[in-house]
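Heads up: the structure comes next, in structure tokens.
Just so it is clear, none of the values below were taken in a lab; they were calculated from the coordinates. The structure displayed is predicted, hence computed values, not measured ones. Don't worry about glycine lacking a Cβ; one is built from the backbone with ideal geometry, like all the others, and counts go over all protein chains shown.
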Amino acid sequence: MKTGYLDCFSGISGDMLLGAFIDVGWEEQELKELPHLLNLRDVEIAIKRVKSQGISAVKVEITAKSSNPPKRGFKEIARLISSSGLEKTVKDEATAAFKRLAEVEARIHGVPVDEVHFHETGAEDAIIDITGAFLAKRSLGLERLICSPLPLSRGFVQCQHGSLPLPAPAVLEILAEREVYFVDEEKELVTPTGALLAVELSDSWAEFPAFKVTRTGYGAGSRKLKSRPNLLRLILGQEKGANILSDEVLELKAVIDDMNPEHAGLFMKEVLSKRALDAWITPVFMKKNRPGFEISIILRPEDYHELIDFVLSHTTTLGLRIRRSRRVVLPRHEVTVSTIWGDIRAKAVIRPDGKKEIVPEFEECRAISEGFGVPIRDVYREVICSKEAKRRSGEEDG
């Protein structure tokens, strides 16, 4: 499994990340074509090699010819990305990242998401940074990206809203539940765009893992720092035990005895649509021998605020228990297999020994079963025995 490690010893910004991607092998031309694909005609991209304290790195400079670029809200940016010439996956990932940023800005400024208008983060360079980063990860074939804990600085930064304290409020919101530490620097080390990309692109957040290094690249920042070279290091290689992934999750629990069970069933359906990784209900007997149930929800740390608000608003509980834990999961991704009833989506899973197999999706198989009037076990068998499944397990060439 091709894995990357973002070694953010001097923080992270969008242009530093693009430079690091290029330094490990991403084609420069793909980045230079982005303004045309996004219909950003007034944007120019310069790529050059520089040195920071003797270390060679790639510097990416994105400039807009217009001195007064338009102020865009989330809807305008989403339309811009949607109408671009990028592939659908990159469009979806970049749009989701900007949506998260809009939600963060809305919380900070106390306004609805639709009223958020980006300034620095809505400018052309941020659009290039975000779309370019997702494109680079896919083009390089990175199946897993790990990010180091991020260094934060103290001081102030000037923006459209005036003088803001460092770390910038948006950075702290985006990095909620992520590991950070403070260093003796007065200049901004982690920008909102950099924080956003670190969270959205990374599969886990950890110190350097056991790793077989194959290539290293550096992306250069613009500011000169007093204590360190202003570089972002991207390390490519093979992680030891890469066929078993590990990341941090939160567990929410609430015990309830005064909620209509019919409402609880609807809640379970809705919470799984709110980015919860898993959820279940366990029957319990409470004090005074009253029957009730315990709701358990597994979620990513970055979805903490949204799901806490949802649970407290859509159940009768007055409080929640929260526990931080780690999980191990097998690598998987969505695939489409051809069957006698048409294409069906499934998961391709990699076992610890490297063996690949196809796992059917229940809802997909149920729809086929109901639509064609065939037993669901026959649909499962067809998916598991498909040519795609055999090819991935090594039974067929291709």
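Structure data summary
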| item | result |
| --- | --- |
| Segment N68-R300, extension gain: residue separation times 0.36 nm, minus the distance between their alpha carbons | 79.7 nm |
| Segment 332-393 - convex hull of alpha carbons, volume per residue in Å³ | 69 Å³ |
| Segment 71-152: relative contact order in percent, alpha carbon pairs under 8 Å with at least 6 residues between | 38 percent |
| Cβ-based net charge around R41, under 11 Å, with every Lys or Arg adding one and every Asp or Glu removing one | -2 |
| Length-normalised contact order for segment 3-239 - Cα pairs under 8 Å, 6+ apart - percent | 35 percent |
| Segment 4-110: relative contact order as a whole-number percent, Cα under 8 Å and 6+ apart | 23 percent |
| Proximal lysines relative to K32, as straight alpha-carbon distance under 28 Å, when same-chain residues fewer than 8 apart are discounted | K2, K48, K51, K59, K65, K71, K75, K88, K91, K99, K137, K224 |
| Sorted peptide list for 8-21, 314-327, criterion being average Cβ within 10 angstrom, highest first | 8-21, 314-327 |
| Label-point gap, in nm, between T282 and K51 - each point 7 angstrom along Cα→Cβ | 6.1 nm |
| Full-extension gain in nm, E262 to F362, via 0.36 nm per residue minus C-alpha separation | 33.7 nm |
| FRET efficiency, D378 to E334 (Cβ-Cβ, R0 25 Å, nearest 0.05) | 0.65 |
| Mean residue ellipticity (222 nm) of the chain, computed from DSSP H runs ≥ 4 via -39,500 (n - 2.57), nearest 500 | -10000 deg cm²/dmol |
| Burial order of peptide ranges 26-32, 288-294 (average beta-carbon count within 10 Å, highest first) | 26-32, 288-294 |
| Normalised convex hull volume, the chain, alpha-carbon set, Å³ per residue | 185 Å³ |
| Positive minus negative residues near P291 (Lys, Arg vs Asp, Glu; Cβ under 13 Å) | 0 |
| Segment 245-329 - Rg (one decimal) and Dmax (whole number), Cα, Å | 13.0, 43 |
| Two-site FRET efficiency, V111 against E61, from Cβ-Cβ distance with R₀ of 45 Å, rounded to 0.05 | 0.85 |
| Lysine pairs within segment 245-329, Cα separation less than 24 Å, 8 or more sequence positions apart or different chains | 4 |
